[in-house]
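The values are calculated or read from the model by the stated rules, or taken from the named source; none is laboratory data. Here the structure is a predicted model, which means the values were calculated and not measured. Neighbour counts are summed over all protein chains in view; Cβ atoms, including those assigned to glycine, are modelled from backbone coordinates with ideal geometry. Surface areas here come from the heavy atoms of the whole protein model, side chains and all, with no ligands, DNA or RNA. Shrake-Rupley method; radii C 1.70, N 1.55, O 1.52, S 1.80 Å.
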Amino acid sequence: MGLGGVISNLLSLGAQLMPALGTQHRQIEKELKQLAKLLERIKVRLYDAEEREIWDRSVKLWLQELKEVAYDAEDALDEYRYDVLRAQVEADQIQVPDHMLNRIKEIRNEFDEIANDRVALQLSEGEAPRRSNTDLEIAPTSGIVVESDIIGRKREKEELIDRLCTEVCDGQIISVVTIVGIGGIGKTTLAQLVYNDKRVQKNFDKFGWLCVSEDFNVQRLTRELFECITSGSCNVANLNVLQENISKEIRGKKVFLVLDNVWNENRSHWELFRAPFMSALMVKILVTTRDKLVARIMQTLPTFNLGYLSEEESWQMFQHYAFGEAIQNTCSNLVDIGKQIMKKCGMLPLAIKLIASLLREGKEEESWNMILKSELWESDVRNEIFHPLQISYARLPAYLKPCFLYCSMFPRGYRYNVDDLVKLWISQGYLQTKKIGWDYAKQLWQRSLFEGEYGENFNFTLHDMVHELARSISGLEYNSIDGSMAPDFSEKLHHLYVGDGVKLVEPPPCPLGKFTNLRTLIVDNCAENFLRAFDFSEVQKLRVLQLESRFDDLELHFRSVNFKHLRHLSLNGGRFERLPEFICSLYNLQNLTLENCPYLKELPQSIDNLLNLEELLIIGCKELQVLHVSLCTLQKLLICESRKYH
């Protein structure tokens, strides 16, 4: 469960506190040193434990217990760090709370008690295999057409293009082709190959690619479609107006759309979504889905069933990702082992890509044999693709695991921006700098866990099956809400994403108020009644708070909060005139973003109290005229940017 990252952050926190303790707090310093030694002993057992947790329930429970204690320890040390910073701002003497020494002792005893169980679990010492110093050169998996993507799919690609580029004889305006196949078979990749083909690009006037996923929200999809065909942003909320605008844009035009990963079985939703298409000269739609019923509801042309690769095609793909151009110089033993591993991947493109990308890191027979003989191939899971996916996760270095699992908080089909995601990773203590964060993202991309075209503006997605893997491992700790909200979440929930347009179906107080362990709360385009119902006074362990809403009064929502741990605060769409003074007591805050707050006129006088502020972004706040000169005194401030408009 990425416990290694939490423990590393604990050790880092302890090391930061040592110089601040001074001679008057020797006992706490002694306890912290003993805790550090114990944590180091636990760390050497983690690689074996995190590889076994996927199939050994007792090990998984052991790791969960350790992680909960680690979170408690992190909170305790972080509170003390906050007191150190407060004393620095107020030029006061550092006061150690009476309970701090006892709390650290209790935590050390809890760690010691749980750690002793490692003997009964027979956990061995060791570290994850280290990656080579040479950057891997692995082809991107989306957006760009590369040789590896076309392996085994040339015939299918040509057949689909022929269907799509042939005029419909019966006079139909809308033609729909559905690609149906199991997860990991390559439906999305095939759709990308067709979408990017020059013949398709030449044959149509307007294009759109929509990632649909489980929530077939007609309003959201219509807004995204408008943005695709106009290449601009859209703030229109009324569905009728949106559809009228789309109808005008495509009138008399040839339109090509891809609806990727559709699960909707409600015919009325589909009929409402396609209503504005009747003004077009011709609309061709390519749908990818695992569900044959979805295909029957949507299609007008025969279903395109996508099958497995042949053994020859599978080996060609495996070679590309495992050996690259070096296949000629590869020893025969590795080739033999590689062919055995390839067969275990079940001729599934995604499984082959993930395992071969993993093997490319090291060309030692021992490491390849370890993967070939891994117990995870025989683990008790119903989906055959999960075996190679689990191995791919299990072999991740400890520092990458929490970064990967953090992505499971977002809904399926979510498009991630690496720069934004790295800020969230830093806020959780997984790493220290953006440069390291980008390197971690690149490593996950090189292992084919992130899909996209790597570059300066790196946006990526997770394959459905990879997202399901992350969710299956992260368990109750990460979750997201889409649609009406009345779920029964566990108290183990630490990271929550609330989707676009969620409406509360229960009266205040919001049922989420009981979740005192939340460390991340991201609310995307919510109604203000969500904020009124949410009890922020009960979620004071937050490291990340990101709100997009037209709320008026910050003091009203946050009047009784004390966000000692907060690192990242983003407020988008607020209608307040000034930030309340309590913002200036967020001494741990590293990132502050104020976006599209049209009435914001001034920042608090004491904003220079934010000693750890590294980035201040003010975007689209047209009434804010001047930034405080006091910001210049912030030694850690690296980025201070004010843009009136997007």
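Would you mind finding the one in GLU106, GLU65, GLU110, GLU53 that is charged (D, E, K, R), over 33 Å from the mean Cα position of the chain (by Cα) and at pLDDT 65 or above?
Criteria check complete, one pass: GLU106.
Counting only residues that are open to solvent by 50 Å² or more (accessible area, probe 1.4 Å) and under 11 Å from VAL180 (Cβ atoms), which one in the range 300-325 is modelled with the highest pLDDT?
Per the stated criteria, the residue is ASN305.
Test each condition in (1) at pLDDT below 90; (2) open to solvent by 60 Å² or more (accessible area, probe 1.4 Å); (3) not acidic (Asp, Glu) for MET278 and report the one that comes out false.
The single condition MET278 does not satisfy is (1).
Which residues, counting only those in the range 431-456, are part of a loop (DSSP other than H, G, I, E, B) and either farther than 21 Å from GLY324 by Cβ or open to solvent by less than 10 Å² (accessible area, probe 1.4 Å) (or both)?
Matches in the range 431-456: LEU431, GLN432, THR433, ARG447, SER448, LEU449, PHE450, GLY452, GLU456.
Has the range 509-524 got at least one residue that is assigned to a loop (DSSP other than H, G, I, E, B), open to solvent by less than 10 Å² (accessible area, probe 1.4 Å) and modelled with pLDDT of 85 or more?
For the range 509-524, residues assigned to a loop (DSSP other than H, G, I, E, B), open to solvent by less than 10 Å² (accessible area, probe 1.4 Å) and modelled with pLDDT of 85 or more: present.
Within the range 233-252, can one find any residue that is closer than 29 Å to GLY184 by Cβ and under 29 Å from the mean Cα position of the chain (by Cα)?
no
Hey, does the range 467-485 have a residue that's under 19 Å from TYR393 (Cα atoms), outside any helix (DSSP H, G or I) and basic (Lys, Arg)?
No, that holds for no residue.
Do any residues in the range 410-430 that are within 9 Å of ARG567 (Cβ to Cβ) have Cβ atoms under 7 Å from those of residues that are among the charged types (D, E, K, R), where the two are at least six apart or on different chains, and which pairs are they?
Close Cβ pairs (under 7 Å, with a partner that is among the charged types (D, E, K, R)) amount to SER427/ARG543; SER427/ARG567; GLN428/ARG519; GLN428/ARG543.
Can you tell me which residues in the range 570-599 are more than 26 Å from the chain's Cα centre (by Cα), within 23 Å of ASN612 (Cα to Cα), part of a loop (DSSP other than H, G, I, E, B) and modelled with pLDDT of 85 or more?
Result: TYR587, single match.
Filter the range 577-595 for residues that are under 17 Å from ASP552 (Cβ atoms) and surrounded by 19 or more Cβ atoms within 10 Å (Cβ to Cβ) and give the result.
Matches in the range 577-595: LEU579, ILE583, LEU594.
For (1) closer than 17 Å to VAL212 by Cβ; (2) open to solvent by less than 30 Å² (accessible area, probe 1.4 Å); (3) among the aromatic types (Phe, Trp, Tyr), each residue gets a yes or a no:
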{"site": "SER233", "(1), (2), (3)": "no, no, no"}
{"site": "GLU249", "(1), (2), (3)": "no, no, no"}
{"site": "ASN261", "(1), (2), (3)": "yes, yes, no"}
{"site": "ASN266", "(1), (2), (3)": "yes, no, no"}
{"site": "PHE273", "(1), (2), (3)": "yes, yes, yes"}
{"site": "LEU286", "(1), (2), (3)": "yes, yes, no"}
{"site": "ASP291", "(1), (2), (3)": "yes, no, no"}
{"site": "MET298", "(1), (2), (3)": "yes, yes, no"}
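Only residues that are open to solvent by 10 Å² or more (accessible area, probe 1.4 Å) and either outside any helix (DSSP H, G or I) or aromatic (Phe, Trp, Tyr) (or both): list them for the range 26-61, please.
If the condition is that a residue be open to solvent by 10 Å² or more (accessible area, probe 1.4 Å) and either outside any helix (DSSP H, G or I) or aromatic (Phe, Trp, Tyr) (or both), then TYR47, ILE54, TRP55, ASP56 are the ones that fit.
If we scan the range 483-495, do we find a residue that is buried (at least 18 other Cβ atoms within 10 Å of the Cβ) and at pLDDT below 85?
Yes, that holds for at least one residue.
Counting just the residues of the range 601-635 that are open to solvent by less than 20 Å² (accessible area, probe 1.4 Å) and in a helix (DSSP H, G or I), which one comes out modelled with the highest pLDDT?
Step by step, filter the range 601-635, then rank; the result is ILE607.
Give me a count of the residues in the range 255-301 that are free of Cβ contacts under 8 Å to residues at least 60 places away in the same chain and assigned to a loop (DSSP other than H, G, I, E, B).
The qualifying residues number 4.
Could you say which residue among PHE216, PHE207 is touching a His at 6+ places or on another chain (Cβ under 6 Å) and either more than 24 Å from ASN596 (Cα to Cα) or of a type in the set (D, E, K, R) (or both)?
Only one candidate passes the filter, namely PHE216.
Go through (1) open to solvent by 20 Å² or more (accessible area, probe 1.4 Å); (2) touching a residue at least 60 places away in the same chain (Cβ under 8 Å); (3) assigned to a helix (DSSP H, G or I) one by one and return the number of the condition PRO402 breaks.
With respect to (1) open to solvent by 20 Å² or more (accessible area, probe 1.4 Å); (2) touching a residue at least 60 places away in the same chain (Cβ under 8 Å); (3) assigned to a helix (DSSP H, G or I), PRO402 is out only on (1).
So, of the residues in the range 541-569 that are assigned to a loop (DSSP other than H, G, I, E, B) and of a type in the set (D, E, K, R), which turns out to be least open to solvent (accessible area, probe 1.4 Å)?
Here the residue is ARG543.
Against the definition (under 30 Å from ASN240 (Cα atoms) and at pLDDT 90 or above), how does PHE216 come out, yes or no?
no
With respect to LEU603, determine if the residue is in contact (Cβ under 8 Å) with a residue 24 or more places away in the chain and within 29 Å of TYR430 (Cβ to Cβ).
No: the conditions fail for LEU603.
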